[in-house]
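Single-structure report; data block below.
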There are 2 protein chains.
Amino acid sequence: MNIGEAARLSGISAKMIRHYEGVQLLSPAQRTDSGYRQYTENDVRALQFIRRARDLGFSIDEIRDLLSLWQDRNRPSREVKALAAVHLETLDKRLKELHSMKSALEHLVHGCQGNDRPDCPILETLAGSGDEATSEANAASLKRHRRGHQITG
Amino acid sequence: MNIGEAARLSGISAKMIRHYEGVQLLSPAQRTDSGYRQYTENDVRALQFIRRARDLGFSIDEIRDLLSLWQDRNRPSREVKALAAVHLETLDKRLKELHSMKSALEHLVHGCQGNDRPDCPILETLAGSGDEATSEANAASLKRHRRGHQITG
DNA sequence: CTGGACCTTCCCACCGTTGGAAGGTCAAGC
DNA sequence: GCTTGACCTTCCAACGGTGGGAAGGTCCAG
């Protein structure tokens, strides 16, 4: 089948399938004489595997590892579990960061009257009148800076 | 003061201060004859405002709006609150997505023996033996695809 | 006048995904 | 046959936010 059908069946866009091939997450697909990529049902299964792993938030690199464990019939499940556990901790960290942002902001929003007048604890806090934001959000900030970068989209 | 000191005082790297100027989040800094950027205490206050807003997860665009509300002495706090409330919902969505990923993965990890043998419910689920991942993570996936992109780092 | 700390601009990388341009291929209908 | 439209190809650029580094200029203390 062509890439379009593989995309439909796997839930991964054709763009991304090509990209995954480019970053060697997938081995290069077979080609027709005219250069069209050809996929088998097995290929589609691998693509679905990738999609499900991405749905769980695994990075491309992690998925590479998961795929090779999957292919290895003699893997010890210990290794899979370890990989997943590491990712779980990553998710947990992000979750905590987001949570502290959320509660800090929730607190601010709650304290703001939201009327015609200009006085607003949200702006006041951002402007630093008083103690540096909230201790919770600051902790998240530190983590963020240590990690390099951050949540998008 | 030079950009380095402004960076130290504000907690924003010199790199990012230049970047923020580039994307017009900040008005261009004064320059010395030799071209060095010069910052006042007021500039530093704006930088700190930005840092705190980023700590709460606001995007650059949102911060642009927050800054102009901050500068506007006649703003109705209603507008600030509305902006913050929108961001709060964004945080909440992300939080829910992460949470569903986490619980799905937690479930899988919990079900994996983590021993020398190859059988592993984590891989089995990713491979699609049974029902499509978990309904929770699927919901997250759908949202993600709708949104465009996703959590990094 | 030398050295080192600082500054400047510029371009490149990361991550995952999307968009578009410019062109080739394939199958159906006339 | 030829046209049309859906599909495919490659390549390049963008998003968000941040960091890294090169190549060069400046400033001050010793």
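The values are calculated or read from the model by the stated rules, or taken from the named source; none is laboratory data. Just so it is clear, the structure is predicted and the values come from calculations on it, not from any experiment. Every residue, glycine among them, receives a Cβ derived from its backbone with ideal geometry; neighbour counts consider all protein chains shown.
Select, from B:79, B:21, the only residue that is more than 10 Å from chain A (Cβ to nearest Cβ), in a helix (DSSP H, G or I) and over 16 Å from the mean Cα position of the chain (by Cα). On inspection, the qualifying residue turns out to be B:21. For the range A:84-113, the set of residues classified as facing chain B (nearest Cβ under 7 Å), surrounded by 18 or more Cβ atoms within 10 Å (Cβ to Cβ) and either in contact (Cβ under 8 Å) with a residue 40 or more places away in the chain or not in a helix (DSSP H, G or I) (or both) consists of A:94, A:98, A:112, listed by residue number.
On the basis of being crowded, with 16+ Cβ neighbours inside 10 Å and closer than 14 Å to residue B:85 by Cα, does residue A:81 make the cut?
Numbers: crowded, with 16+ Cβ neighbours inside 10 Å: yes; closer than 14 Å to residue B:85 by Cα: no.
It is false that residue A:81 is crowded, with 16+ Cβ neighbours inside 10 Å and closer than 14 Å to residue B:85 by Cα.
If you go through the range B:55-76 and keep only what is in a helix (DSSP H, G or I) and more than 15 Å from residue A:108 (Cβ to Cβ), you end up with B:60, B:61, B:64, B:65, B:67, B:68, B:71. Among all residues of the range A:24-38, there is none that is part of a helix (DSSP H, G or I) and of a type outside the set (Val, Ile, Thr). Inspection of the range A:29-49 finds a residue satisfying the criterion of being surrounded by 16 or more Cβ atoms within 10 Å (Cβ to Cβ) and near DNA strand D (Cβ under 8 Å from one of its atoms).
In this entry, residue A:44 is excluded by the filter for residues that are outside the structural domain of residue A:123 (by TED's automatic domain parsing), under 20 Å from residue B:118 (Cβ atoms) and not in a loop (DSSP other than H, G, I, E, B). Counting residues in the range B:1-11 that are within 11 Å of chain A (Cβ to nearest Cβ) and either touching a helix residue (DSSP H, G or I) at 6+ places or on another chain (Cβ under 9 Å) or at pLDDT below 95 (or both) gives one or more. Note on the range B:79-104: residues that are within 30 Å of residue A:88 (Cβ to Cβ) and of a type in the set (A, V, I, L, M, F, W, C) amount to 6. Residues satisfying the criterion are present in the range B:94-114 (criterion: assigned by TED's automatic domain parsing to the domain that holds residue B:125, on the phi > 0 side of the Ramachandran plot, modelled with pLDDT under 95 and more than 13 Å from DNA strand D (Cβ to nearest atom)). Across the range B:37-52, a minimum of one residue is classified as hydroxyl-bearing (Ser, Thr, Tyr), more than 22 Å from the chain's Cα centre (by Cα) and more than 11 Å from chain A (Cβ to nearest Cβ).
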